[in-house]
Amino acid sequence: MKNFLSILFFLFSIFSIGQIQHCGYDFTSYIVVDVHKNGVKENVKDLRITIVNEDGKEILNINNAYSWKKANEPLVFTQNYLVSKEGEKERYFFPYAEDQYFLSVTNTFPAENFSVKIEDKSGKYPTQIIPLQSYNMYILCSSENQKAKMFGRRTNSPVEVVLENR
């Protein structure tokens, strides 16, 4: 009887594990910023893009409250980049964006409470602060994305920024 229960438990465990489908982006979403000059497709390089509060102050990721990466540091975007393996076609690191800027955040990130601040290190373009919306979050696991699509505007929309020279 003891062996039978052990076998039954083992089979149940295998069956249960086989039924759980995980997504590579579980518990993670992304915010993408598409920042370019008017009429130009390519994104401007060497910008500092951060998440800020209503006062324009950078938000710190205290104890990974907003992102699973870089605890206790400001939420700073990275420009997407090409990666390649020998014999394979080049692709972007974050496959849902091209040369845009991106930031990994938690699925519970309260986007409506914050803005993105775009600063040009060279001083060629004026600083811009643009409010975030929940539809700016790239929710990549299908079950979470289906829940988000039930109400309001479509998810997975980048923050669109057009820069004008000073």
Check your understanding: Taking interchain pairs and intrachain pairs at least six residues apart, which have beta carbon atoms under 8 angstrom, with the first residue in region 53-78 and on the phi > 0 side of the Ramachandran plot and the second part of a loop (DSSP other than H, G, I, E, B) and aliphatic (A, V, I, L, M)?
Key -> 63/71; 64/71
Check your understanding: Applying the selection to region 106-132, what residues are open to solvent by 90 Å² or more (accessible area, probe 1.4 Å), free of Cβ contacts under 8 Å to residues at least 60 places away in the same chain and more than 13 Å from the chain's Cα centre (by Cα)?
Key -> 112, 124
Practice item. Identify the single condition in (1) open to solvent by 20 Å² or more (accessible area, probe 1.4 Å); (2) modelled with pLDDT of 90 or more that residue 14 does not satisfy, given that it satisfies every other one. Key: (2)
Check your understanding: Considering only strands (runs of 3 or more DSSP E) fully contained in region 62-166, which possess at least 2 residues that are touching a helix residue (DSSP H, G or I) at 6+ places or on another chain (Cβ under 6 Å) and modelled with pLDDT under 90?
Key -> 137-139
Study note, to complete from the structure: Within region 29-52, the residues that are open to solvent by 90 Å² or more (accessible area, probe 1.4 Å) and touching a residue at least 60 places away in the same chain (Cβ under 8 Å) are 38, 46
Check your understanding: residue 103: closer than 19 Å to residue 73 by Cα, open to solvent by 10 Å² or more (accessible area, probe 1.4 Å) and out of contact with any Gly (no Cβ under 6 Å at 6 or more places or on another chain), yes or no?
Key -> yes
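The values are calculated or read from the model by the stated rules, or taken from the named source; none is laboratory data. Predicted, not measured: the structure shown is a model, and the values here were computed from it. A quick note on method: Cβ atoms are made from the backbone with ideal geometry, for glycine too, and the neighbour counts reach across all protein chains shown. Heads up: the accessible areas ignore ligands, DNA and RNA and are worked out on the full protein's heavy atoms, side chains in. Shrake-Rupley method; radii C 1.70, N 1.55, O 1.52, S 1.80 Å.
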